[in-house]
Amino acid sequence: MTHIDFMREALSLAAKGTGFVSPNPMVGAVIVKNGRIIGRGWHKIYGDLHAERNAFADCSGDCSGADMYVTLEPCCHYGKTPPCTEAIIEHNIKRVFIGSSDPNPLVAGKGVRVLREHGIEVIEGVLKDECDAMNEIFMHFITTRLPFVTMKYAMTLDGKIACFTGESKWITGEAARQHVQYERLRHSAIMVGVGTVLADDPMLTCRLENSRNPLRIVCDSKLRTPLNSNIVRTAKDIPTIIATISDDSEKISAYEKLGCQIIRTAPDCGHVNLRQLMKTLGDMKLDSVLLEGGGELNWSALNSGIVNKVQAYIAPKLFGGALAKSPVSGVGAASPAEAFMLENSNIIQIGEDFLIESRVKNVHRNC
């Protein structure tokens, strides 16, 4: 096996922490001696041991003189667990191969420096792009203190998210819908508009085995979410936030009695101020939001500048219809020059469907 192979193994281990380590990063580590892996570890749950210490706990032999492959720069500070650099030094590791540098100001190159000061050779940037992509949420949150927002939608090849009748089940196939469940696990929260609640009465849960449900957020400026909706009825079991600009104390009290948390923002173009909402969620240590709203909320989110990434699941079918809905509505761009530009696009085939992932490049505002 090569250095690339060992780092890929560390990446596969890191992925096992998906959904359970937030707001910490997903990290995997392997210990290699004489060309053979003798220890594997990953960060399993927030507050528990980090990947490096779990790899040492799993080690089947003497680590002296061994190499360690770790997807993220080892920490060098005391937090909920002791520094991983200490463990690496104590076990007499000879070389450390690192994928990503840690942007956390408490680390940010200090971990590498500590290792080198103790005579350990450090090789940085092994599969850097893949390791960075693994923790795009963490890297955004640790540097901005704002949630990483992914706008997700499914549409036909002619850009429709529903037929003219409003029917939308199902646009994509089972494989793509299963992938969405993984994205729900990967994100800390899932957000929709009240229009989606009124039209579909969704549960917004994660249906993967041995997973956990994301926190649910409904943007509901005028508090129209029905008290008997699935989301409100289950709010005592699954954390649920209703974001509003309403000051109707009677309605607010009714939601709170059923277990909902109410977050009020100042109005923005007559709706919930999404930038203010993201700041509040960041203060709550929610590092990511999966936006599964309709066209109006998607437009508001883009226009407010909160969207970091767009995931478009595209099915090879055509609905047609001048009145059929598209994924982004609102007032729209006045000219092609005013379009929201996307970059770094990646195309993945999932079953019969295609997923296009892109980063949002520019931001402008227009009520």
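The values are calculated or read from the model by the stated rules, or taken from the named source; none is laboratory data. If you're wondering where the values come from, they're calculated on a predicted model, not measured in any experiment. Glycine gets a Cβ as well: all are built from the backbone with ideal geometry, and neighbour counts include every protein chain shown. Note: accessible area is taken over every heavy atom of the protein model, side chains too, but ligands, DNA and RNA are not part of it. Shrake-Rupley method; radii C 1.70, N 1.55, O 1.52, S 1.80 Å.
When LEU146 is evaluated against the numbered criteria (1) open to solvent by 40 Å² or more (accessible area, probe 1.4 Å); (2) under 21 Å from SER304 (Cα atoms); (3) modelled with pLDDT under 95, which criterion, by number, is the only one it fails?
Every listed condition holds for LEU146 apart from (3).
So, in segment 297-313, of the ones that are in a strand (DSSP E or B) and in contact with a Leu (Cβ under 8 Å, 6 or more places away or on another chain), which residue ends up farthest from GLU338 (Cα to Cα)?
Taking the candidates together, the pick is TYR313.
Of the residues SER249, SER211, only one is under 21 Å from the mean Cα position of the chain (by Cα), among the small types (Gly, Ala, Ser) and open to solvent by 20 Å² or more (accessible area, probe 1.4 Å); which?
After applying the criteria, what remains is SER211.
With respect to ALA57, determine if the residue is within 19 Å of the chain's Cα centre (by Cα), part of a helix (DSSP H, G or I) and surrounded by fewer than 17 Cβ atoms within 10 Å (Cβ to Cβ).
no
How many residues, within segment 30-43, are touching a helix residue (DSSP H, G or I) at 6+ places or on another chain (Cβ under 6 Å) and open to solvent by 40 Å² or more (accessible area, probe 1.4 Å)?
Selection size over segment 30-43: 2.
Sort through ASP102, ASP129 and tell me the only one that's over 30 Å from SER300 (Cα atoms) and open to solvent by less than 30 Å² (accessible area, probe 1.4 Å).
Of the residues listed, the single one that is over 30 Å from SER300 (Cα atoms) and open to solvent by less than 30 Å² (accessible area, probe 1.4 Å) is ASP102.
Give all pairs with beta carbons closer than 7 Å in which a residue from segment 201-213 that is more than 18 Å from MET191 (Cβ to Cβ) meets a residue that is of a type in the set (Gly, Ala, Ser) and part of a loop (DSSP other than H, G, I, E, B); count only pairs at least 6 apart in sequence or on separate chains.
SER211/GLY19
So ALA175 fits all but one of (1) at pLDDT 95 or above; (2) aliphatic (A, V, I, L, M); (3) closer than 21 Å to LEU297 by Cβ; what number is the exception?
If we test ALA175 against (1) at pLDDT 95 or above; (2) aliphatic (A, V, I, L, M); (3) closer than 21 Å to LEU297 by Cβ, just (3) comes out false.
For segment 286-298, indicate whether the set of residues that are open to solvent by less than 50 Å² (accessible area, probe 1.4 Å) and farther than 25 Å from ILE161 by Cα is non-empty.
So far as segment 286-298 goes, yes, one or more of its residues are open to solvent by less than 50 Å² (accessible area, probe 1.4 Å) and farther than 25 Å from ILE161 by Cα.
Out of curiosity, is LYS80 surrounded by fewer than 19 Cβ atoms within 10 Å (Cβ to Cβ), under 30 Å from LEU290 (Cα atoms), modelled with pLDDT of 95 or more and not small (Gly, Ala, Ser)?
Against the criterion (surrounded by fewer than 19 Cβ atoms within 10 Å (Cβ to Cβ), under 30 Å from LEU290 (Cα atoms), modelled with pLDDT of 95 or more and not small (Gly, Ala, Ser)), LYS80 does not qualify.
CYS206: under 27 Å from LEU146 (Cα atoms) and open to solvent by 20 Å² or more (accessible area, probe 1.4 Å), yes or no?
The answer is no for CYS206.
What are the residue pairs meeting all of these: first residue in segment 160-187, first residue touching a residue at least 60 places away in the same chain (Cβ under 8 Å) and closer than 10 Å to CYS206 by Cβ, second residue in a helix (DSSP H, G or I) and open to solvent by less than 50 Å² (accessible area, probe 1.4 Å), Cβ atoms under 9 Å, and 6 or more apart or on different chains?
ARG186/ILE137; HIS187/ILE137
Does THR280 satisfy being more than 27 Å from TYR182 (Cβ to Cβ) and out of contact with any Cys (no Cβ under 7 Å at 6 or more places or on another chain)?
no
Name the residues in segment 3-36 that are closer than 15 Å to ARG53 by Cα and in a strand (DSSP E or B), would you?
GLY28, ALA29, VAL30, ILE31, VAL32
Let me spell it out: the conditions are (1) closer than 30 Å to ILE142 by Cα; (2) out of contact with any Pro (no Cβ under 8 Å at 6 or more places or on another chain), and LEU323 meets all of them except one. Which number is the exception?
(1)
Test ARG184 against the stated conditions and say whether it is of a type outside the set (A, V, I, L, M), surrounded by 20 or more Cβ atoms within 10 Å (Cβ to Cβ), modelled with pLDDT of 95 or more and in contact with a Ser or Thr (Cβ under 6 Å, 6 or more places away or on another chain).
No.
Of the residues GLY330, GLY270, GLY351, GLY305, which is over 18 Å from ILE245 (Cβ atoms) and either modelled with pLDDT under 95 or open to solvent by less than 20 Å² (accessible area, probe 1.4 Å) (or both)?
Just one listed residue meets the conditions, GLY305.
From LEU318, LEU323, grab the single residue that is in contact with a Phe, Trp or Tyr (Cβ under 9 Å, 6 or more places away or on another chain), in a loop (DSSP other than H, G, I, E, B), over 24 Å from VAL149 (Cα atoms) and open to solvent by 40 Å² or more (accessible area, probe 1.4 Å).
LEU323
With the checklist (1) surrounded by fewer than 15 Cβ atoms within 10 Å (Cβ to Cβ); (2) more than 16 Å from ASP5 (Cα to Cα) in hand, flag the one item ASP48 doesn't pass.
For ASP48, the exception is condition (1).
When MET191 is evaluated against the numbered criteria (1) touching a helix residue (DSSP H, G or I) at 6+ places or on another chain (Cβ under 9 Å); (2) modelled with pLDDT of 95 or more; (3) more than 19 Å from VAL307 (Cα to Cα), which criterion, by number, is the only one it fails?
Condition (3) is where MET191 drops out.
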